[in-house]
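Asker: Dropping a structure here in C-alpha cells format, bear with me for questions.
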Ligand SMILES: C[S@@+](CC[C@H](N)C(=O)[O-])C[C@H]1O[C@@H](n2cnc3c(N)ncnc32)[C@H](O)[C@@H]1O
C-alpha cells in the first residue's frame, strides 16, 4: 500500500498541473474528469443545498462548473496542502478544510450534499469503509461518489499497462522512476454494499468511459465521445465502463 507521505508527495508534485485537465483537456482521461464532474452535478444539482462538501477538492475545479452564487456554500476538503493552495488560488475567499476523508473534522449532518470524485482510488478497502461511514455521518442527505470499476475490461487493460507492463519494464531496465502510487479499482457491488451498510440507498448512477484511454489519437477520442454520449445511462453497458458515479441518499433523512 502507498504510505500517506508517498501520497502526499505525489499530490504535491501534480498539484500545479492538475487544473490543466479541466482548463485544457487533451487526453481521454482529461475529458473523463470534466465529464465526471458534469455528470455528478446532473445527478445532484447543488441549487437546493445550503452546504456542500467537495471531498478531494483538487485544483478547485468545481467552481468553474457552478454559478458564482453557489460558491460560498461550498467547503473544499482535501488532505493535500498543495492541492488546497491551488484551489485557494482559484477562490481566494473560499472555505477550505484540510484532513483525511476517513476522519472529517465537521459535525454530524454538517452539510446537505457531499461530492467525492476521484478520491476512492487512493483508499484501501478498510479506509474506503471508514470513509463511507464518515460521509454518512457528515452529510444530511446526499453523497455523490465516483470510483474505478474493477470489472471493466478497459480499466483492466489500463492498469495492466501501467502497473504490470510499464512498471516491470522500468524496474528491469532501471530507466524511469518506479511508480509510487496506484489508483485502486473496486467491484461496484462491494461499493454499493458498503454504502447500503452505512445507511444509504443508491438512487441513481452513471457509467463513464468505454475506452482504456491508452491511445489518444483523434479516432480514439472520437470513439470515446461516441460511446460516452450514448452509454452513460446504460445499465446493460455499465459493467464495461471504466468509472462509475453513484448517487446515494441517506435512508433516514426527513426530506
Ligand atoms: C484525482 S484528485 C480528484 C480531484 C477532483 N475531485 C476531481 O474530480 O478532479 C484526488 C484528490 O483527492 C485528494 N485525496 C486523496 N486521498 C485523500 C484522502 N484520503 N482524504 C482527503 N483527500 C484525499 C487528493 O489530494 C486530490 O486532491
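The values are calculated or read from the model by the stated rules, or taken from the named source; none is laboratory data. Predicted model, so just to flag it, every value in this text is computed and none were measured. Every residue, glycine among them, receives a Cβ derived from its backbone with ideal geometry; neighbour counts consider all protein chains shown.
Asker: Mind checking which pairs have a first residue in the stretch 79-95 that is under 12 Å from residue 62 (Cα atoms) and in contact (Cβ under 8 Å) with a residue 24 or more places away in the chain and a second that is in a loop (DSSP other than H, G, I, E, B) and within 14 Å of the ligand (Cβ to nearest atom), Cβ under 6 Å, 6 or more apart or different chains?
Answerer: Final answer for the pair search is 87/57; 87/59; 87/60; 90/60; 91/60.
Asker: Does the stretch 9-16 contain at least one residue that is surrounded by fewer than 19 Cβ atoms within 10 Å (Cβ to Cβ), within 9 Å of the ligand (Cβ to nearest atom) and closer than 30 Å to residue 219 by Cβ?
Answerer: Yes: one or more hits.
Asker: When you scan the stretch 37-124 for strands (runs of 3 or more DSSP E) that lie fully inside it, which ones turn up with 3 or more residues that are more than 16 Å from residue 19 (Cα to Cα) and modelled with pLDDT under 95?
Answerer: Correct list: empty, since no element meets the threshold.
Asker: Run residue 40 past the list (1) out of contact with any strand residue (DSSP E or B) (no Cβ under 8 Å at 6 or more places or on another chain); (2) buried (at least 19 other Cβ atoms within 10 Å of the Cβ) and report the number of the one that doesn't hold.
Answerer: If we test residue 40 against (1) out of contact with any strand residue (DSSP E or B) (no Cβ under 8 Å at 6 or more places or on another chain); (2) buried (at least 19 other Cβ atoms within 10 Å of the Cβ), just (1) comes out false.
Asker: Just one of 251, 236 is loosely packed, with under 14 Cβ neighbours inside 10 Å, modelled with pLDDT under 95 and under 30 Å from residue 135 (Cα atoms); which is it?
Answerer: Of 251, 236, the one residue that is loosely packed, with under 14 Cβ neighbours inside 10 Å, modelled with pLDDT under 95 and under 30 Å from residue 135 (Cα atoms) is 251.
Asker: Based on this model, can you work out whether residue 22 counts as within 10 Å of the ligand (Cβ to nearest atom), closer than 20 Å to residue 63 by Cα, assigned to a helix (DSSP H, G or I) and out of contact with any strand residue (DSSP E or B) (no Cβ under 6 Å at 6 or more places or on another chain)?
Answerer: Criteria met by residue 22.
Asker: On to the next question. So which residues in the stretch 149-182 are surrounded by 14 or more Cβ atoms within 10 Å (Cβ to Cβ), part of a loop (DSSP other than H, G, I, E, B) and either touching a strand residue (DSSP E or B) at 6+ places or on another chain (Cβ under 6 Å) or free of Cβ contacts under 8 Å to residues at least 24 places away in the same chain (or both)?
Answerer: Within the stretch 149-182, 150, 179 qualify.
Asker: Turning to a different aspect of this structure: Just need a number here: residues in the stretch 78-107 that are away from the ligand (no atom under 12 Å from the Cβ) and in contact with a strand residue (DSSP E or B) (Cβ under 9 Å, 6 or more places away or on another chain). Quick ask: steps written out before the conclusion?
Answerer: So the first thing to find is which residues in the stretch 78-107 are away from the ligand (no atom under 12 Å from the Cβ), and the list is 88-95, 106-107.
Now drop any that are not in contact with a strand residue (DSSP E or B) (Cβ under 9 Å, 6 or more places away or on another chain), which leaves 88, 91, 94-95, 106.
Selection size over the stretch 78-107: 5.
Asker: Taking only pairs six or more apart or across chains, which ones have beta-carbon atoms under 6 Å, a first residue in the stretch 115-134 that is on the phi > 0 side of the Ramachandran plot, and a second residue that is buried (at least 17 other Cβ atoms within 10 Å of the Cβ) and not in a helix (DSSP H, G or I)?
Answerer: Short answer, once both residue conditions are applied: 118/56.
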